[in-house]
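Structure first, then comments.
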There are 2 protein chains.
Amino acid sequence: MKGKLFLIPTPIGGDPLKQLPKETLSQISSITYFIAERARTARRFLQSAGYPLPISEAIIREIPKKQAYTHLVTDLAPLKDGISIGLLSEAGSPGIADPGSEIVRKAHEWGIQVIPLTGPSSLLLALMASGLNGQKFSFHGYLSPKKELIGKDLRRLENSSKNDRSCHFFIEAPYRNMQVFQAALDNLQATTLFSVQCELNTSDTFSKTLRIEEWRKQPSPDLHKRPCVFLLQS
Amino acid sequence: MKGKLFLIPTPIGGDPLKQLPKETLSQISSITYFIAERARTARRFLQSAGYPLPISEAIIREIPKKQAYTHLVTDLAPLKDGISIGLLSEAGSPGIADPGSEIVRKAHEWGIQVIPLTGPSSLLLALMASGLNGQKFSFHGYLSPKKELIGKDLRRLENSSKNDRSCHFFIEAPYRNMQVFQAALDNLQATTLFSVQCELNTSDTFSKTLRIEEWRKQPSPDLHKRPCVFLLQS
């Protein structure tokens, strides 16, 4: 009997006991072997999620954030011995705008059962809260790292939306949020819907969808260094 | 003081008390005015989610599933009088592959605070469980209703994935699942990754990602009339 691979979401900010469903919390409690981006954050998370064992008894393997994951086969080996593994995200849902997909793919290759657990995802919350097209949408990760190309990127997404009214969304390094916001005001058409979804699920939430012409009329929100999701629709 | 618009996810199958976080359940308890696709399902949901008032005291307005929503202004009027509204999905998260976005957009237009609550979404769970690219993905809703065009649609998504390794996903009317599955085997290239995510979050879950050449070697899974999400990546 092989182990199972559980995909464990973590809160975006706030208390796991309030932000995760009972079912997710109870599955976490049954796991003793975890894979996480950072062992320290993972330990802290498990403790605040009511993990029943002494935390020193949980095995936690770290995966590097941005490199190819080379220890895959060794770290996943326990699955073949019937031990279940919990894959933890740093914040939000594993595999969504975060590393971890490679691990899930390897599990499928080995015929391991993959079980995604319910929890917060800033992308999903942003899409819901935007009111934009949730029947047809594309997530693009980050826009161009070159400042002078951001406007071009935005116009490309806008054009693509024009054909099918799809929603296009992306994230940005938080210290560049104001640049992106300004580029949207400068480059998108007056009637295009533009949505800023910032720190959802916290007490500092900012959530607003307006046409570009309306954004232009009001003072810009302060988005500097706040985790944001940007969405647009023509 | 204006009311707030809460976006309330509902379980995909199973017990709301186990599948929704405490925070979501407690927000639901504080609301007395709801908008839902079907009042009957909404009432049943509220009761099983531990709604504290006699259910007859909750006001529930129905929105038509597939038509333009014409009573928008009337039904949302309580927001202006300081009454908060809960927008309920039939299953999963409101505004994601379901109507409701129009309501959220109107709220933004009126300057109403929109608060998305955490809960299950079959699309998000499918994307997580697939192990495909969660940093760049497009959801396409339904493929062509014409049987003979499904293969062409699939090849178009595959081509689009070839350029940027993005993940493309879609849903299908459950009685057409086997047609779509067969069309994928017939039309996609041998090395393309194809993922079938079926009835996630239930005891009948089927979750598998394989290359087309591997799918071709094994017996087809029985997907008939089971809610599925299909994903592919070149």
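The values are calculated or read from the model by the stated rules, or taken from the named source; none is laboratory data. A quick note: this is a predicted structure, and the numbers were derived from the prediction, not measured. Here the Cβ positions follow ideal geometry from the backbone for every residue, glycine too, while neighbour counts run over all protein chains shown.
What are the pairs, 6+ residues apart or on separate chains, where a residue within the stretch B:163-175 that is charged (D, E, K, R) has its Cβ under 6 Å from a residue that is surrounded by 21 or more Cβ atoms within 10 Å (Cβ to Cβ)?
The qualifying pairs are B:ARG165/B:ASN133; B:GLU172/B:VAL180.
Would you check which residues across the stretch B:81-140 are of a type in the set (Gly, Ala, Ser), facing chain A (nearest Cβ under 7 Å) and surrounded by fewer than 23 Cβ atoms within 10 Å (Cβ to Cβ) and list them?
Passing the criteria: B:ALA97, B:SER138.
Could you list, ordered by first residue, the pairs with Cβ atoms under 6 Å in which the first is in the stretch A:1-27 and over 19 Å from A:LEU200 (Cα atoms) and the second is of a type in the set (Ser, Thr, Tyr), at least 6 apart or interchain?
If the second residue must be of a type in the set (Ser, Thr, Tyr), the pairs left are A:GLY3/A:SER84; A:LYS4/A:SER84; A:THR24/A:THR118.
Sort out which residues of the stretch A:216-234 are free of Cβ contacts under 8 Å to residues at least 24 places away in the same chain and in a helix (DSSP H, G or I), and write them in order of number.
A:LYS217
Take A:ASP164 and decide whether it is within 19 Å of B:GLY111 (Cβ to Cβ), at pLDDT below 95 and not hydrophobic (A, V, I, L, M, F, W, C).
In short, no.
Surrounded by fewer than 20 Cβ atoms within 10 Å (Cβ to Cβ) and either among the small types (Gly, Ala, Ser) or under 27 Å from B:ALA97 (Cα atoms) (or both): is that true of A:ARG176 in this structure?
no
A:THR41 passes all but one of (1) under 17 Å from the mean Cα position of the chain (by Cα); (2) within 12 Å of another protein chain (Cβ to nearest Cβ); (3) part of a helix (DSSP H, G or I); which number fails?
(2)
Each row is one residue, and each column tells you yes or no for (1) not basic (Lys, Arg); (2) not assigned by TED's automatic domain parsing to the domain that holds A:GLN197.
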| site | (1), (2) |
| --- | --- |
| A:ILE55 | yes, yes |
| A:LEU76 | yes, yes |
| A:LYS80 | no, yes |
| A:ILE103 | yes, yes |
| A:LEU132 | yes, no |
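Considering only residues that are away from chain A (no Cβ under 11 Å) and either at pLDDT 95 or above or part of a helix (DSSP H, G or I) (or both), look in the stretch B:199-215 and name the one that is farthest from B:GLY92 (Cα to Cα).
B:GLU213
Would you be able to say whether some residue in the stretch B:141-150 is out of contact with any Gly (no Cβ under 8 Å at 6 or more places or on another chain), facing chain A (nearest Cβ under 10 Å) and not small (Gly, Ala, Ser)?
In the first step, residues of the stretch B:141-150 are kept if they are out of contact with any Gly (no Cβ under 8 Å at 6 or more places or on another chain); the result is B:141-150.
So of that shortlist, the ones also facing chain A (nearest Cβ under 10 Å) come out as B:141-142.
Cutting the leftovers down to not small (Gly, Ala, Ser) gives us B:142.
Yes, the stretch B:141-150 contains at least one residue that is out of contact with any Gly (no Cβ under 8 Å at 6 or more places or on another chain), facing chain A (nearest Cβ under 10 Å) and not small (Gly, Ala, Ser).
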